[in-house]
1. In peptide A:191-199, how many Cβ atoms from other protein chains are near each Cβ within 10 Å, on average?
2. Need one value for A:116-123: mean number of C-beta atoms belonging to other chains within 10 Å of its residues' C-beta atoms.
3. Going by average Cβ neighbours within 10 Å, how do the peptides B:91-100, A:171-180, A:129-138 rank, with the highest at the top?
4. Between 0 and 90 degrees, rounded to the nearest ten: what's the tilt of helix C:9-20 against the longest Cα principal axis of chain C?
5. How many Cβ atoms of partner chains, on average, are near each residue of B:54-60 if near means within 10 Å of its Cβ?
6. With only alpha-carbon atoms in the gyration tensor, what are the semi-axes of the equivalent ellipsoid for the protein assembly as shown, in Å, largest first?
7. Given an 8 Å cut-off on Cα distances and at least 6 residues of separation, report the relative contact order of chain A as a percent.
8. If you take every DSSP beta bridge fully contained in the protein assembly as shown, what fraction is antiparallel? Give it as a percent rounded to 5.
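Just so you know, all these numbers are worked out from the coordinates, no wet-lab data involved. As the structure is a prediction and not an experimental result, all values here were calculated from the model. Methodologically, a virtual Cβ is constructed for each residue, glycine included, from the backbone with ideal geometry; neighbour enumeration extends over all protein chains shown.
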């Protein structure tokens with residue numbers, strides 16, 4: 001197999017970034033667009049995140065009273081979280097021809113749903129919304145590596161935009177390892193394909209915090225990898241997550257100021 | 001030849017592991033349970049049979065057919081009036097079938113038929129013991145037999161055929177599953193008869209005779225096993 | 001997860017306080033003590049394995065049956081040189097009443113997640129050599145199907161299932177295939193006639209699950225500067241179903257004895273400090289080594305039983321010794 005070159009002659013990655021450089025991170029809020037009329041939820045807003053070439057829409061509906069179909073899931077003390085991820089067929093470079101005709105999510109998507117549900121169940125202050133349901137609908141419009149991390153980030157921003165109480169901000173980042181010594185942050189799809197990679201999510205990280213004390217709330221790692229490198233892998237990931245948190249906070253603030261101006 | 005272990009699954013009301021020379025099933029019965037609204041029958045209990053194949057995702061059509069046969073037969077054995085608006089759930093997991101490993105590599109049209117008949121036969125007998133273990137009221141006992149008639153017109157009991165090779169060398173002409181109802185220790189009715197292949201009227205008589213003899217013999221063992229079980233379970237000894 | 005099972009508050013408190021005192025409900029004396037492992041290999045077949053976890057009193061708490069079947073199929077167009085491997089596991093009403101017989105295709109249960117973990121643990125790490133399964137490139141390859149039947153369920157499913165998977169993969173023999181002129185000439189399905197071929201298992205990954213019991217409320221955990229409360233959480237391995245229900249986080253680690261992480265997942269749950277995660281991954285290593293040797297030993301014992309009369313057929317004799 002021909003070896004894939006991760007660096008060009010200047011030591012930059014194939015998309016021109018340095019090792020620890022994150023992708024371009026841009027989020028925006030769509031409250032008054034046609035999208036809402038289309039989805040007929042005037043009270044909920046849609047959050048759009050563009051992280052490099054990953055394009056994700058998150059629409060949060062709730063907390064609200066459960067509809068008939070999921071009334072059985074209701075919890076007297078807490079809110080119930082329902083996550084739906086829709087990975088569009090045109091999101092990849094090659095259009096996927098799905099074999100199942102009933103549009104049920106594939107195993108990979110189900111796995112993401114499971115992980116994200118478990119993650120945010122502990123992050124959202126569920127006790128403050130008893131007997132209600134929070135619906136989170138994720139639509140992946142375009143994917144370019146590290147999609148799980150992007151979904152988590154986007155859900156995190158959307159929760160803030162929808163004023164749902166959370167303990168702290170969750171940030172996630174994908175990490176890859178080159179030659180068992182260099183770590184790359186925020187992979188693109190080519191890197192993800194050829195490298196051993198994983199996703200790490202941190203809650204409430206801050207750059208001043210000691211890296212060892214960061215609260216890791218999700219770690220997903222599916223490739224074979226020496227045990228002794230796990231340390232470096234997590235350090236790189238946590239640093240990335242902490243940086244990302246600053247970016248997210250400033251963007252959410254800016255977004256909501258715009259929203260305020262719009263309302264006035 | 002046949003080995004039976006009852007009460008093997010402690011999470012269920014009744015269970016049984018039934019091993020013949022060529023197949024192995026594990027069955028469990030739970031009930032009476034509270035059923036879902038749509039399963040609720042006003043005057044009798046609903047019976048749900050669920051069979052999982054030894055390999056692959058199930059139940060497929062092959063298992064659904066078996067489930068149907070079992071459910072109809074059980075309907076007339078279980079005292080359904082005793083458990084109105086309740087559910088009796090019967091689960092079976094086939095653990096081994098002689099055609100499992102490489103059976104699909106040989107193209108004998110009879111393989112598919114024989115393999116599902118073997119499973120069904122073992123399930124019938126195993127479920128009977130599970131029902132007793134679960135203390136479900138039964139109208140009568142039953143015992144299932146599986147016989148084949150080969151090209152030399154011999155009647156052969158399949159449960160005793162050990163290896164896949166000898167099973168395939170039998171050159172079946174027809175295969176018969178016979179479930180007898182047993183009342184007061186005597187064979188009374190035929191509960192289910194399922195025959196496949198080409199055969200004459202005389203063949204049926206021959207098979208019924210052989211099956212009757214076999215049932216009488218085998219049921220003695222099962223009866224003594226139940227006796228033993230009841231004795232062990234009876235905790236109020238003086 | 002277990003829907004109809006519910007614990008009352010007294011029992012909840014009792015189990016948690018037991019855990020805090022380093023005790024377990026089933027009589028184990030430590031949080032990191034596993035239940036006894038029992039591997040039974042069916043002597044009449046290849047790749048037919050029963051693995052059970054035994055409580056200290058010796059009764060079976062979790063039992064898994066694992067069975068491998070093989071078939072010859074046409075390979076996928078994208079990968080003409082590779083066979084296929086597939087894990088099938090459904091937990092149904094036979095295992096316990098809390099499990100539904102008809103699973104909904106749209107959502108994933110924890111058990112589904114574990115099965116997926118197992119499948120990708122074996123496939124993505126190349127634990128099973130798929131290229132060895134090729135018979136004629138682009139035409140015929142072996143399709144290996146692994147079926148897991150969970151007969152009894154009391155926690156420890158992931159460990160039990162991964163042990164069962166690997167034992168039966170190591171034990172299974174596929175028939176020898178004779179190929180002449182790019183055509184299959186004969187398949188020796190009778191393994192007595194011609195000995196089968198072992199599957200190419202390149203390394204042995206074993207999965208271990210850690211359950212986290214965090215007593216602190218989440219807001220304190222996240223808000224506090226973390227240096228002040230080191231190690232407030234309890235971490236237990238090989239939890240029973242009741243303990244699993246009380247746990248509020250889990251870490252799944254699959255390792256092999258070459259000090260390699262094959263898969264590591266922490267699907268949500270309470271946050272855990274990063275150094276703790278490292279500690280857990282390292283803690284799993286001796287357990288994995290222990291389990292691997294147990295598997296290999298069980299297979300070796302079975303092998304020697306099968307070859308009981310091998311020495312009679314052997315041409316070796318005393319004269320060659322000197």
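1. Details: counts 0, 0, 0, 0, 0, 2, 0, 4, 1.
The shielding value for this peptide is 1.
2. Working: counts 2, 4, 9, 5, 1, 4, 10, 5.
Mean shielding by partner chains, rounded to a whole number: 5.
3. Details: B:91-100: 25.1, A:171-180: 22.2, A:129-138: 19.6.
Packing order, densest peptide first, comes out as B:91-100, A:171-180, A:129-138.
4. Around 70 degrees separate the two axes.
5. Numbers: counts 6, 9, 5, 6, 4, 3, 0.
Neighbouring Cβ atoms belonging to other protein chains average 5 per residue here.
6. Values: eigenvalues 523, 216, 142 Å².
The equivalent ellipsoid of the protein assembly as shown has semi-axes of 51, 33, 27 Å.
7. Working: 475 pairs, mean separation 50.2, N = 264.
Answer for chain A is 19 percent.
8. On the way: 139 of 160 bridges.
If I count the DSSP bridges inside the protein assembly as shown, around 85 percent turn out antiparallel.
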